[in-house]
1. Would you please give the FRET efficiency between residue A:245 and residue A:31, computed as 1/(1 + (r/R0)^6) with r the Cβ-Cβ distance and R0 = 35 Å, to the nearest 0.05?
2. For a 21 Å ceiling on Cα separation, which of these pairs sit above it: A:69/A:167; A:59/A:232; A:59/A:213; A:35/A:59?
3. Between residue A:53 and residue A:113, what length in nm is gained on full extension when 0.36 nm per residue of separation is reduced by their alpha carbon distance?
4. Using alpha carbons only, how many angstrom separate the centre of the range A:124-165 from the centre of the range A:184-226?
5. Counting other Cβ atoms within 10 Å, which GluC sites (Glu not before Pro) in the range A:97-193 have at most 15 and lie in a DSSP loop?
6. Filter the chymotrypsin sites (Phe, Trp or Tyr not before Pro) in the range A:1-105 down to the DSSP loop ones having no more than 16 other Cβ atoms within 10 Å, then list what survives.
7. Simple spin-label model, 7 Å along Cα-to-Cβ: residue A:24 to residue A:122 in nm?
8. For the range A:1-129, give the share of DSSP beta bridges that are antiparallel, in percent and rounded to the nearest 5; count only bridges with both residues there.
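What follows is calculated from the coordinates using simple rules that are stated; it is not laboratory data. Keep in mind that what you see is a predicted model, and the values were worked out from it rather than measured. As a convention, Cβ positions derive from the backbone with ideal geometry for all residues, glycine included, and neighbour counts pool all protein chains shown.
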Amino acid sequence: MPEMPEVETIRRSLAVRIQGLTIKETTIKLARLIKWPTLHEFSASIYGSTIIRLERRAKYLLFYLDNEKVLVVHLRMTGRLNYVSEGKPKDPYSRIIFHFTNGDSLEYADTRTLGTLYLMPATELNRIYGLISLGPEPLSDEFTFDYLLSLVLKRKGKIKSLLLNQKAIGGIGNIYADESLSLAGIHPARVACTLTVIEVEKLHSAINEVIKKGIEEGGTTFRDYRDADGNKGRFQQELTVYGRKGDPCKTCGTDVMRTEVAGRGTHFCPNCQK
DNA sequence: ACAGGAACCTGATAGC
DNA sequence: TGCTATCAGGTTCCTG
């Protein structure tokens, strides 16, 4: 479900709620979502720990605990994190619940159950391959024009595949890939290494602009994304192509097309994107 | 080394 | 109404 702007919005809304709270017991309704360690160790290690801070790396959330451990959560397609005040109704797809000593709880809910949770010593986070192998993320100092150019020049695959490749760039998903390519005027199926320097410049600033705006607008609620307090995002109002199949392009009026690129539903304006 | 496709899951919606 | 097909914001594993 969520991409970098959605995960960042969840982080911001959740951090102010949970920092300093202490976890008592954990209710685990779907154990297979916990990838490490064993069920017993997971519950035992987290019991009595206090959340010091909440960080994000690309689409991963990292809950730093006062016992030198880190709870790592990846929401995949439909994961949600709900801060639930005492006595409030629970999400029907609630899978794992962390109960705090103040009576409130943090609920991990997930319709399609593809999400993943880990509890790792802070010194062993490098054992999570998807986390350690992440490329630089948009808006960071490492994500420079030169970096993107060097990446693009050596790739023979489609440009959209590159944007979705988390080892190349961390944090972009299907919505923001389509929106970035739309803003840059580049067709998603273009072979990466055929892009001109000017096009790479446009793409570099388009990615940063779209991700920045996405965060400012609190993410995109296309279906069921919500922040930790249950609020919807606002970026869906700004979408130029994603989810707009058959609707007129906001620039030229041509019907927005939907095809499949890199195995994903892909939206673009056939007139504006070459 | 890299690209493409299937697999993992469940539910919502569109079309007949 | 009810059935079927398609689609879904992601990642990983396998194959070629």
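1. The pair residue A:245/residue A:31 has a calculated efficiency of 0.35.
2. Beyond 21 Å: A:69/A:167.
3. Gain in length upon complete extension: 19.0 nm.
4. 14 Å
5. When the GluC sites (Glu not before Pro) of the range A:97-193 are filtered for loop state and at most 15 Cβ neighbours within 10 Å, A:142 remain.
6. Of the chymotrypsin sites (Phe, Trp or Tyr not before Pro), the ones in loops of the range A:1-105 whose Cβ has at most 16 other Cβ atoms within 10 Å are A:47.
7. 2.7 nm
8. Given both bridge residues lie in the range A:1-129, the antiparallel proportion sits at roughly 95 percent.
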